[in-house]
């Protein structure tokens, strides 16, 4: 049943040109990003549309999501999705919240995507942020859409917590401890020789398609940090290091193990043995420009064509806390651009939706541009020890921004040298 008045494609196109109305895509976020989940001939979303999946209408704090997206009752809102059941469910929530100026565009799949003259937008590297059914097909030995063929290895990433893996994982997945890819002393990526050995021991070559995901455990259990509340941050940290090393095709499951569970797929508890390979295939690092260290960070601070980007929480940035029990120094690197990660050193909620999927990518881009970031510059993201910096980097990589790196040592390395300058308090304007 259609609860809303319909708009035509011509009316919608005219509205897009005028910067109105507020268009909401109620399909799954992966379809918004570019995946053809409904069998459509072209993937993507209507230009300017916002992502508000119908499944979110079941959330208690749904209206807070709407307000955070600055969607207001005085706006004309047009909903579209794969079917009327999706739009009706969202429309009912809007009406209950006092939003009355609602319409529906019901021909997205049968009209809009069928007409090459109708524009579509998509995340430039959406293929590397995969959805549960895609992973399910790969786990079954099939070749899912936009998979290059060849060998696939699925990795359940964790930090010193194999119990998180053994208590339930995607069928066929092996576990990978983040410590195998980064130093336990500095938290920086390991040496080329160590990375080569780790990747080969996990059965990964440069031509392997690697799928990474994490699991959100009990955030109140300190023993599980950072594979707990951090969840996919660890998986994305591994993805960054693998790309740096030279794995050509790295994918991350959008929403992690939580998304797999929500999709209702089978969960296994067996300990899958790793199948080592004899040679990674290329010299490591194959993409050294993806990581910078201390001296390069200093050079970027002095350059008009580069920015060091601080992806820490506001209390860390102001110097109220260091963020970590193993870092004493508090403060920030002078001259770095601040893009707030969220509440503390172990969360990235400003970059994630409530279901742990990656935040609507145009929102991230808007926040960064408002902070003064430009894709034309060389940008190096950093946090305390590299995890949050890697996730911000991954978002920029998905956006297709061309000159991006991670300052691997971050505040940990910077603050270890008392000769390096630092600031605290609210910055002067």
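Laid out as a table, the results:
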item: Gaussian network model of the chain, Cα within-10 Å springs - most flexible of 412, 381, 265; result: 265
item: Euclidean distance between Cα centres, region 66-81 to region 362-419, Å; result: 30
item: Ranked by how many other beta carbons lie within 10 Å on average, peptides 102-112, 122-132 from highest; result: 122-132, 102-112
item: Linear extension gain, residue 278 paired with residue 142, 0.36 nm per residue minus alpha-carbon span; result: 46.5 nm
item: Mean residue ellipticity (222 nm) of the chain, computed from DSSP H runs ≥ 4 via -39,500 (n - 2.57), nearest 500; result: -7500 deg cm²/dmol
item: Ordering of 236-246, 187-197 by burial proxy (mean other Cβ atoms within 10 Å per residue, highest first); result: 236-246, 187-197
item: Degrees between helix 232-245 axis and first principal axis of the chain (Cα, 0 to 90, nearest 10); result: 60
item: Relative contact order, percent, the chain [alpha-carbon distance under 8 Å, six or more residues apart]; result: 14
item: Inter-probe distance in nm under a simple model that places probes 7 Å from Cα toward Cβ, at residue 329 and residue 100; result: 6.0
item: Cα gyration tensor shape for region 288-415, rounded if a/c is under 1.5, else prolate or oblate; result: oblate
item: 0 to 90° range, to nearest 10: angle between helix 387-398 axis and the chain longest Cα axis; result: 50
item: The chain - share of DSSP beta bridges that are antiparallel (%, nearest 5); result: 10
item: The chain: angle of helix 84-96 to the longest principal axis, Cα-based, in degrees nearest 10; result: 90
item: Whether region 193-343 is rounded, prolate or oblate, judged on the alpha carbon gyration tensor where a/c under 1.5 counts as rounded; result: oblate
item: Rg [Å, one decimal], Dmax [Å, integer] - region 9-122, C-alpha atoms; result: 13.3, 39
item: Per-selection Kirkwood Rh - region 127-262 (Cα, Å, 1 d.p.); result: 14.8
item: Residue with peak Gaussian network fluctuation, the chain [Cα springs, cutoff 10 Å], from 41, 321, 29; result: 41
item: 10 Å-binned pair-distance histogram of region 54-181 (Cα, whole percent); result: 10, 24, 27, 24, 15, 1
item: Cα principal axis extents for region 1-48, largest first, Å; result: 29, 27, 18
item: Anisotropy class of region 12-79 from Cα gyration tensor, a/c 1.5 cut; result: oblate
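Where a number appears in this text, it was derived from the coordinates with a stated rule and is not lab data. These numbers were taken from a predicted model, which means no experiment stands behind them. In this analysis, Cβ positions are derived from the backbone assuming ideal geometry, glycine residues included, and neighbour counts consider all displayed protein chains.
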